[in-house]
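Since the structure comes first, as structure tokens, the remarks are kept for the end.
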Amino acid sequence: MSVDQDTVRRIARLARIAVSDDDVPHLQGELNAILAFVEQLGEVDVTDVEPMTSVTPMAMKMREDGVTDGGKAADVTANAPAAEDGFFLVPKVVE
């Protein structure tokens with residue numbers, strides 16, 4: 001895959017980057033080099049490589065999933081203008 005000068009200008013416009021006409025050929029070469037490197041990575045054989053999220057093995061820190069501060073519906077709705085059965089009452093907005 002290769003990037004032409006019109007594509008470089010379009011990318012610059014989409015990225016909201018001001019690029020002068022003198023810089024377009026240089027950026028075209030850099031973008032083509034990046035794309036060539038990405039194509040090289042596609043040729044690497046990774047059939048026996050296990051997917052990983054880090055170079056060092058890590059385990060997620062887990063905590064017990066439990067309620068820590070519940071059962072306070074009356075306290076939460078105490079300052080509400082209108083409440084019923086632990087829920088806020090609001091005026092109907094759709095008829």
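See the values below:
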{"read-out": "Single residue of ALA78, ALA83 found to be surrounded by 10 or more Cβ atoms within 10 Å (Cβ to Cβ) and not β-branched (Val, Ile, Thr)", "value": "ALA83"}
{"read-out": "Criterion violated by THR53 - all others in (1) over 30 Å from the mean Cα position of the chain (by Cα); (2) open to solvent by 100 Å² or more (accessible area, probe 1.4 Å) satisfied", "value": "(1)"}
{"read-out": "Flag for ILE34 being part of a loop (DSSP other than H, G, I, E, B), of a type in the set (Val, Ile, Thr) and either out of contact with any Cys (no Cβ under 7 Å at 6 or more places or on another chain) or surrounded by 10 or more Cβ atoms within 10 Å (Cβ to Cβ) (or both)", "value": "no"}
{"read-out": "Residue satisfying condition, being in contact (Cβ under 8 Å) with a residue 24 or more places away in the chain and aliphatic (A, V, I, L, M), within set VAL76, VAL46, VAL55, VAL3", "value": "VAL3"}
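The values are calculated or read from the model by the stated rules, or taken from the named source; none is laboratory data. Because the structure is a prediction, the values reported are computed rather than measured. FYI the Cβ positions are ideal-geometry reconstructions off the backbone, even for glycines, and counts take in every protein chain you see. When the accessible area is computed, the model is the full protein with side chains, heavy atoms only, and any ligands, DNA or RNA have been set aside. Shrake-Rupley method; radii C 1.70, N 1.55, O 1.52, S 1.80 Å.
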